[in-house]
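K.L.:
One structure, pasted below without further comment.
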Amino acid sequence: MASGLETLCGQAYGAKQYRSLGVYTNRAIFSLLMLCLPISLVWASMGKLLQLVGQDPAISQEAERYAKWLIPGLFACAITEPLMKFLQSQSLILPMLLSSVSTLCLHVLLCWLLVFKSSLSNVGAAVSLSISSWLNVLILILYIRYSDSCRLTRSPITKEAFKGINEFFRVAVPSALMMCLAWWSYELLILLSGLLPNAKLETSVLSICLSNRALLYCIPSGLGCAASTRVSNELGASNQKGAKLAVLVSMLFAVSEAALVVATLFALRHVLGYAYSNEEEVVNYVYEMVPMMCFTLAVDNIQGVLSGVARGSGWQHLGAYVNLGAFYLVEIPVAILLGFALQLRGKGLWMGIMCGTTTQSILLVVITSFTNWEHQAKLARERVFHERLPFHNELN
């Protein structure tokens with residue numbers, strides 16, 4: 001839901017409505033902290049919920065233990081994500097990079113200690129992640145509070161932050177649906193893999209492949225964030241030509257990056273499985289899955305950038321419809337057909353992912369190609385000036 005700030009903060013910054021950024025961010029943090037409460041209850045009951053849908057009891061209980069220790073980190077993310085969107089909309093990327101690197105350095109050591117040198121075992125990874133998440137919050141807050149770069153955009157917490165929550169939800173909910181419809185489809189496929197014969201092998205391999213995909217998707221996701229920032233800033237400034245140019249440049253980077261990543265992953269296909277397991281059965285299965293992973297990653301680069309364009313432009317609702325159709329009308333049915341009916345098992349499930357992702361990318365390309373950027377610039381200005389805050393300091 002914090003991705004809604006890519007629209008609000010990005011376009012407000014382009015329109016030089018600087019104080020709005022702080023108000024939008026405070027509003028988002030408050031809203032997301034409230035949403036963490038029901039999510040925490042779900043996580044705390046994870047074991048029973050997983051068993052209700054037919055998952056292995058031992059795996060379900062371990063998942064619940066892990067999820068419970070992630071709950072503190074959930075509240076940290078409710079603060080971190082809006083702060084990062086706040087900085088991203090101003091192209092203040094270096095502070096986020098330094099904060100992430102600092103947190104990562106501590107996290108690697110802390111995770112190793114808690115997993116291998118304590119009795120926590122797997123749960124130690126969740127504990128270390130929660131601690132690291134709060135460290136990241138602290139670093140970002142200190143930077144925003146004391147940096148001159150945020151002097152014009154930071155804002156104290158006032159009643160204005162609580163008055164326009166509906167406005168935030170109007171862009172946040174479609175943003176969340178756009179992203180979650182994709183993520184939930186992958187989680188659903190992992191659950192389905194637990195119903196296949198030899199469930200431990202199928203679930204392990206599919207989890208490994210999706211973990212690699214999530215790791216490598218950080219690159220097109222970053223390109224998408226850059227596209228979102230540039231497009232939203234240009235639309236807020238009523239520069240439709242600049243927005244269109246940002247889309248073209250981002251797509252050029254996406255295609256180049258896809259070629260490099262796919263070539264590298266394919267070259268490492270013999271050893272990739274050893275990064276996760278020493279069992280030959282798992283390693284060989286991962287080796288067989290790599291070609292399909294390469295195709296998926298290539299398509300991911302296109303949809304990653306265009307999803308960023310959607311967030312920057314403010315047409316997340318269209319992206320949500322695209323993802324609903326691509327993943328739940330194409331991906332899941334095809335995965336069930338190939339994985340269970342045709343007994344292709346894990347490979348069939350991944351073929352479903354390929355079909356869904358390809359459909360998603362094609363639809364996003366079509367929508368972006370027919371976008372009227374002049375009209376989008378007009379809508380951005382209307383969105384920015386819809387709420388006039390009494391203490392705005394507008395620099396024109």
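K.L.:
Step by step: first the residues of segment 32-62, then only those that are within 30 Å of Ala2 (Cα to Cα) and among the small types (Gly, Ala, Ser), then the one that is nearest to the chain's Cα centre (by Cα). Which residue is that?
P.N.:
Among those residues, the one meeting the criterion is Ser40.
A quick yes/no check of all residues on (1) surrounded by 19 or more Cβ atoms within 10 Å (Cβ to Cβ); (2) assigned to a helix (DSSP H, G or I); (3) polar (S, T, N, Q):
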{"residue": "Ala326", "(1), (2), (3)": "yes, yes, no"}
{"residue": "Val330", "(1), (2), (3)": "no, yes, no"}
{"residue": "Leu337", "(1), (2), (3)": "no, yes, no"}
{"residue": "Thr359", "(1), (2), (3)": "yes, yes, yes"}
{"residue": "Leu364", "(1), (2), (3)": "yes, yes, no"}
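K.L.:
Taking Val262 as the residue in question, decide whether it is surrounded by 15 or more Cβ atoms within 10 Å (Cβ to Cβ), within 19 Å of the chain's Cα centre (by Cα), modelled with pLDDT of 90 or more and among the hydrophobic types (A, V, I, L, M, F, W, C). Break it down into steps so the answer makes sense when it comes.
P.N.:
Numbers: surrounded by 15 or more Cβ atoms within 10 Å (Cβ to Cβ): yes; within 19 Å of the chain's Cα centre (by Cα): no; modelled with pLDDT of 90 or more: yes; among the hydrophobic types (A, V, I, L, M, F, W, C): yes.
So Val262 fails the test.
K.L.:
Next up: Can you find a residue in segment 67-89 that is modelled with pLDDT of 95 or more, in contact with a Cys (Cβ under 7 Å, 6 or more places away or on another chain) and of a type in the set (A, V, I, L, M)?
P.N.:
Scanning segment 67-89, I find at least one residue that is modelled with pLDDT of 95 or more, in contact with a Cys (Cβ under 7 Å, 6 or more places away or on another chain) and of a type in the set (A, V, I, L, M), so the answer is yes.
K.L.:
Another question, if that's okay. Taking segment 230-248 only, how many residues are in a loop (DSSP other than H, G, I, E, B) and either on the phi > 0 side of the Ramachandran plot or buried (at least 18 other Cβ atoms within 10 Å of the Cβ) (or both)? Give the derivation first.
P.N.:
Taking segment 230-248 as the starting set, the residues that turn out to be in a loop (DSSP other than H, G, I, E, B) are 237-239.
The next check asks that each one be either on the phi > 0 side of the Ramachandran plot or buried (at least 18 other Cβ atoms within 10 Å of the Cβ) (or both); those that pass are 237-238.
Summing the residues that are in a loop (DSSP other than H, G, I, E, B) and either on the phi > 0 side of the Ramachandran plot or buried (at least 18 other Cβ atoms within 10 Å of the Cβ) (or both) in segment 230-248 gives 2.
K.L.:
Looking only at segment 260-286, how many residues end up being in contact (Cβ under 8 Å) with a residue 24 or more places away in the chain, closer than 29 Å to Gln303 by Cβ and part of a helix (DSSP H, G or I)?
P.N.:
Looking only at that region, the number is 9.
K.L.:
Could you tell me whether segment 128-142 includes any residue that is touching a helix residue (DSSP H, G or I) at 6+ places or on another chain (Cβ under 9 Å) and not in a helix (DSSP H, G or I)?
P.N.:
no
K.L.:
Here is a follow-up. Among the listed residues Lys16, Lys48, Lys85, identify the single one that is of a type in the set (D, E, K, R), assigned by TED's automatic domain parsing to the domain that holds Arg145 and assigned to a loop (DSSP other than H, G, I, E, B).
P.N.:
Residue meeting the stated conditions: Lys16.
K.L.:
Also, quick follow-up: Taking the options Ser100, Ser91, Ser45, Ser121, name whichever one is in contact (Cβ under 8 Å) with a residue 40 or more places away in the chain and surrounded by fewer than 18 Cβ atoms within 10 Å (Cβ to Cβ). Can you show your working first?
P.N.:
Values: Ser100 fails: in contact (Cβ under 8 Å) with a residue 40 or more places away in the chain; Ser45 fails: in contact (Cβ under 8 Å) with a residue 40 or more places away in the chain; Ser121 fails: in contact (Cβ under 8 Å) with a residue 40 or more places away in the chain.
Every option except Ser91 fails the conditions.
K.L.:
Looking at the structure I just gave you, is Gly54 under 30 Å from Leu196 (Cα atoms), in contact (Cβ under 8 Å) with a residue 12 or more places away in the chain and part of a helix (DSSP H, G or I)?
P.N.:
When the stated conditions are applied, Gly54 does not pass them.
K.L.:
Counting just the residues of segment 124-150 that are farther than 14 Å from Ala78 by Cα and among the aromatic types (Phe, Trp, Tyr), which one comes out surrounded by the most Cβ atoms within 10 Å (Cβ to Cβ)?
P.N.:
Tyr143
K.L.:
Looking at Ser149, is it within 22 Å of the chain's Cα centre (by Cα) and part of a helix (DSSP H, G or I)?
P.N.:
In short, no.
The values are calculated or read from the model by the stated rules, or taken from the named source; none is laboratory data. The structure displayed is predicted, hence computed values, not measured ones. Here the Cβ is made from the backbone with ideal geometry for all residues, glycine too, and neighbour counts use every protein chain on show.
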